[in-house]
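Each reported figure results from applying straightforward, stated rules to the coordinates on display, with no laboratory input. Remember, it's a predicted structure, so these values are computed and weren't measured experimentally. All Cβ positions, even for glycine, are placed from backbone atoms using ideal geometry, and neighbour counts span all protein chains on display.
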């Protein structure tokens, strides 16, 4: 291994160390309450070293968000490799089920993704971590659009629906359900005697009916 290769290997290891430490800090304290001093302490690096790899707290968080999307995309891939959806509609429903499973399994990653979804876009940015977010997010979006197109082609989804508009409408819907699961579960249970499981089942019934009609 040459000198440049060794340096790159060390750089990648340190970068991963920082991201791992940042996850611990951000997930424990919340993004807005965490500081780069906290990250440096958790990583056992100097603050100067942290800034040699990341220029801001937001950039570190973007690295975590990209990791979240990568995990979700791997789960989609695994689900489609182990299941055999009969048509496009079943593929869309499978994607929704995978997303709900991801939410329960990785609630802090879901929160990071929601932070990304709620901030203003900067499509002109050349930041490598923002670009990674766009790239990984597009993988999920493109897969969903392809599933809807497949459903229209095989007749399981209404042909009058626009695949792109439908995909983002479905995505907005499931993000909303995810937020309710995380933030309002006790309220809905105590006030309306409904569980989040019932809400999820109702969502899938509505989505299925809407896509078919």
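Centroid-to-centroid, using Cα positions, segment 146-190 and segment 83-120 are 10 Å apart. The overall shape of segment 124-199, judged from the alpha-carbon gyration tensor, is oblate: a/c is not under 1.5, and a/b is no greater than b/c.
Among 106-115, 59-68, 184-193, sorting by the average number of other beta carbon atoms lying within 10 angstrom of each residue, highest first, gives 59-68, 106-115, 184-193.
Entry note, the chain: relative contact order of 19 percent, from Cα contacts under 8 Å with a spacing of 6+ residues. Here, P(r) means the percent of Cα pairs in each 5 Å bin from 0 to the largest distance; for segment 1-54 it is 4, 22, 26, 20, 12, 7, 4, 2, 0. Normalised by the number of residues in segment 1-54, the mean separation of alpha-carbon contacts (under 8 Å, six or more apart) gives a relative contact order of 32 percent.
Relative to the longest principal axis of the Cα atoms of the chain, helix 107-118 runs at roughly 80 degrees. Axis of helix 88-105 versus longest Cα principal axis of the chain: the two differ by about 40°, to the nearest ten degrees.
Taking Cα atoms only, the orientation of helix 57-82 departs from the longest principal axis of the chain by about 40 degrees. Working note: 222 nm ellipticity from helices only, DSSP H runs with n ≥ 4, each -39,500 (n - 2.57), summed and divided by the residues of the chain, gives -27000 deg cm²/dmol to the nearest 500.
Pairs of alpha carbons in segment 38-90 separated by more than 12 Å make up 74% of all such pairs.
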